[in-house]
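Colleague: I have a structure here, written as structure tokens, and I will follow up with some questions on it.
Every number here is computed from the coordinates shown, using simple stated rules; none is lab data. Nothing here was measured: the structure is a model prediction, and the numbers come from that model. Note: ideal-geometry Cβ built from the backbone for every residue, glycine included; neighbour counts use all protein chains shown.
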Amino acid sequence: MWITSAGPALFSALIEWQKNCERRREARNAKRGQRLKSHENTPGSHLAIAVDRSGMEVIVRLNGRIDVDSSPDIRDCLLDILSDKQSVHAVTVDLSDVNHIEASGIATLVEALKIAGPRQIRLHLQGLHGSVLRLFEVTGLLPLFETIHGGRGWRDAKCF
């Protein structure tokens, strides 16, 4: 894979920033007495997560905004899939219905990519468009991911 000279430093900075955001979020939720569970959208989150499994392939469909409040939900979901005892060979994250993504969302996807690699799991991004695509291009991270053009279905996923 091609990595820009700033790539490794940018990865580390993004992941550290995401972890700091998660710690602040956990502290905020602890004060409110809320418990968060994986795959549940937190109150006030503007993101819906749907997971479809087909054999050894999983597609994670995201709908809405990916920001500091919704990134931990995506992280929990992806970590559950990537650490699943059942064998998974490919995970596709469908961003077709995502209208906004912040650095915390990109850091979450980079972290999932780093976990998937050593486990021989292919991580694909599907349906990149508009400002979401531009953010991946501007950060120089797009070449790190396998991308599938189109969205909304297994038929579009030619890599499977």
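Colleague: Could you give me the ³J(HN,Hα) list for region 102-111, computed from phi with Karplus coefficients 6.51, -1.76, 1.60 and θ = phi - 60°, whole Hz, x at Gly and Pro?
Modeller: Running phi through 6.51 cos²θ - 1.76 cosθ + 1.60 with θ = phi - 60° gives 10, 4, 5, x, 5, 4, 4, 5, 5, 4 Hz.
Colleague: Under a point spin-label approximation (7 Å from Cα along Cα-to-Cβ), what is the Arg53-Ser12 distance to one decimal in nm?
Modeller: 3.7
Colleague: Per-residue HN-Hα couplings for region 54-67, Karplus 6.51 cos²θ - 1.76 cosθ + 1.60 at θ = phi - 60°, whole Hz, x for Gly and Pro?
Modeller: 9, x, 9, 10, 10, 10, 10, 9, 10, 9, x, 9, 9, 9
Colleague: Rounded to the nearest 0.05, what FRET efficiency do His149 and Arg23 have when you use their Cβ-Cβ distance and R0 = 45 Å? Don't skip to the end; give the middle numbers.
Modeller: On the way: r = 36 Å, r/R0 = 0.81.
Step by step, r from the Cβ atoms, then E = 0.80.
Colleague: Here is a further query. What does the extension gain come out to for Arg119 and Arg65, with contour length at 0.36 nm per residue minus their alpha carbon separation?
Modeller: Length difference between fully extended and current span is 16.6 nm.
Colleague: Follow-up. What's the extension gain from Asp84 to Leu142 if we count 0.36 nm per residue and subtract their Cα-Cα distance?
Modeller: Length difference between fully extended and current span is 18.3 nm.
Colleague: Summing Lys, Arg as +1 and Asp, Glu as -1, what charge do residues with Cβ under 13 Å from the Cβ of Val132 carry, Val132 excluded?
Modeller: -3
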